[in-house]
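Below is one structure, written out as structure tokens, with a few remarks after it.
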Amino acid sequence: MIEDLERSRLTAALRRVAQQDRRALEEVYRRTSAKLFGVALRILSDRQEAEDVLQEVYLTVWRRAGSFDPEKASPITWLVSVTRNRSIDRLRASGSRNTAPIEAAEHVVDGAPSALQQVQSNAEHARLAGCIELLEPRQASAVRTAFFEGQTYDALARAAGVPLGTMKGWIRRSLISLKACLE
């Protein structure tokens, strides 16, 4: 209900702006400037640029209010569209894209492990897998599930049908065995 009232007021104000009614433009500004400034600021990330775009938007509204068609869009949708387009135009015109010379790519750190690190990791993984295989099958399964799948000790105990204390003991003894095996 309130939205419908606001929509009809803005539509009427834009019609009056199309007839060069300055008070109608003031009304449109008063009702929409905070929202439109937010749109421009979000796109431009610069307060001064957003203020400049907002001024351009209201000049556009003054000149083009007659092109607003309430059958095609709500007044706020039309105004946001004008603001968004002006903001994007401003971004493109300023060329404010984060660019750097190609030589800077040489200093970009690659987060992927090196070939040596991968070989070492694979060797460590194979050693760990071999040590886990030496454990009693139920304990090996509990260790895999707890540490590789993230299951809680309580969930493991329920799934295995053993008391929680028993499961904790299995895991503890298994970790001690694994440590000794890996050393």
ask   = Can you name every residue in the stretch 22-47 that is surrounded by 17 or more Cβ atoms within 10 Å (Cβ to Cβ) and free of Cβ contacts under 8 Å to residues at least 24 places away in the same chain?
value = Ala24, Glu27, Phe37, Leu41
query = Can you find even one residue in the stretch 1-20 that is within 30 Å of Ser94 (Cα to Cα), assigned to a helix (DSSP H, G or I) and of a type in the set (Asp, Glu)?
reply = no
request  = Examine the stretch 34-57 for a residue that is more than 31 Å from the chain's Cα centre (by Cα) and closer than 20 Å to Ser87 by Cα, and state whether such a residue exists.
outcome  = no
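Residue-wise test of (1) more than 29 Å from Ile171 (Cα to Cα); (2) at pLDDT below 70; (3) surrounded by 13 or more Cβ atoms within 10 Å (Cβ to Cβ).
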| site | (1), (2), (3) |
| --- | --- |
| Ala93 | yes, no, no |
| Val108 | yes, yes, no |
| Gln118 | no, no, no |
| Gly130 | no, no, no |
| Val143 | no, no, yes |
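The values are calculated or read from the model by the stated rules, or taken from the named source; none is laboratory data. Note that the structure is predicted; figures quoted are calculated from it, not measured. Ideal geometry is used to build each Cβ from the backbone, glycine not excepted, and the neighbour counts take in all protein chains shown.
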